[in-house]
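To keep things clear, I will list the structure first and then write my remarks on it.
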Amino acid sequence: MSLATLIAGCGGGQPKSAAPSAPTVTSAFKGSPPPLASLHAQANQLLGGGVRGFDARLSGLRGRYPVVVNKWASWCTPCQSEFPEFQRAAVAYGKQVAFIGLNGKDHDGSAAAFLKQFPVTYPSYTDPDESIARSIQAATFYPQTVFYNRRGTRMYDHAGPYLSAQALERDIRRYALG
């Protein structure tokens with residue numbers, strides 16, 4: 001990652017939450033298929049389970065839905081800057097794409113406080129030692145986003161923050177839905 005990318009992800013002060021209202025989320029997810037509705041039901045939760053739990057979730061989605069995994073941490077300023085983009089995209093694409101967070105090298109209390117400030121419509125797996133991140137070859141950068149197609153094939157790894165909703169949505173369409 002270049003210094004310019006790091007600086008770009010850190011500028012602009014504290015980001016503002018883009019969490020939609022509860023009625024907006026309810027309306028957007030009405031009629032979601034059961035595997036995606038299961039993710040929505042765990043919105044904003046920190047899940048344990050390690051590599052086994054994470055792999056079981058991916059296996060349950062494989063062959064049915066594309067998956068976007070976003071690795072983040074509460075202490076990571078570039079992660080904070082991109083979180084509003086994920087708040088928006090997860091609602092816009094949540095009936096077609098499975099979103100899963102991966103909270104790495106973080107304390108559960110700090111991560112929970114961050115999610116309270118920036119709620120998302122999907123769960124995050126805790127990964128304090130990055131064992132899950134290593135299992136999906138995503139243990140290098142913060143943030144890091146990995147895209148899987150419907151067949152479960154890893155299609156793309158985006159290192160660093162998404163600086164706009166358009167860039168994130170373009171990659172969702174290209175790598176997850178494409």
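What follows draws every value from the coordinates through simple rules; no lab data is involved. Just so we're clear, the structure is a prediction, and the values are computed from it rather than from any experiment. Here the Cβ positions follow ideal geometry from the backbone for every residue, glycine too, while neighbour counts run over all protein chains shown.
Table for the structure above
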{"item": "Theoretical ellipticity at 222 nm over the chain - DSSP helices of four or more residues, -39500 (n - 2.57) apiece, nearest 500", "result": "-12000 deg cm²/dmol"}
{"item": "Under-5 Å amide H pairs with Gln45, H placed in peptide plane, nonlocal only", "result": "Ser124"}
{"item": "Rounded to the nearest 20 debye, dipole of the range 46-104 from Cβ charges on Lys, Arg, Asp, Glu", "result": "260 debye"}
{"item": "Cα-centre dipole for the chain with unit charges at Cβ (Lys and Arg positive, Asp and Glu negative), debye to 20", "result": "660 debye"}
{"item": "Whole-percent pair-distance distribution, where bins are 10 Å wide, for the alpha carbons of the range 33-176", "result": "13, 49, 36, 2"}
{"item": "For a label point 7 Å along the Cα-to-beta-carbon line of Ser17, residues of the range 61-89 with backbone N under 16 Å", "result": "74, 80-89"}
{"item": "Vicinal HN-Hα couplings computed from phi for the range 76-92 (Karplus, 6.51 cos²θ - 1.76 cosθ + 1.60; Hz; Gly/Pro x)", "result": "8, 4, x, 5, 4, 5, 8, 4, x, 5, 6, 4, 6, 5, 5, 7, 5"}
{"item": "Per-residue ³J(HN,Hα) for the range 119-135, Karplus 6.51 cos²θ - 1.76 cosθ + 1.60, θ = phi - 60°, Hz, x for Gly and Pro", "result": "x, 10, 8, 8, x, 10, 7, 7, 9, x, 9, 6, 5, 5, 4, 4, 5"}
{"item": "Sequence-distant residues sharing a close amide H with Ser32 (under 5 Å, placed H)", "result": "none"}
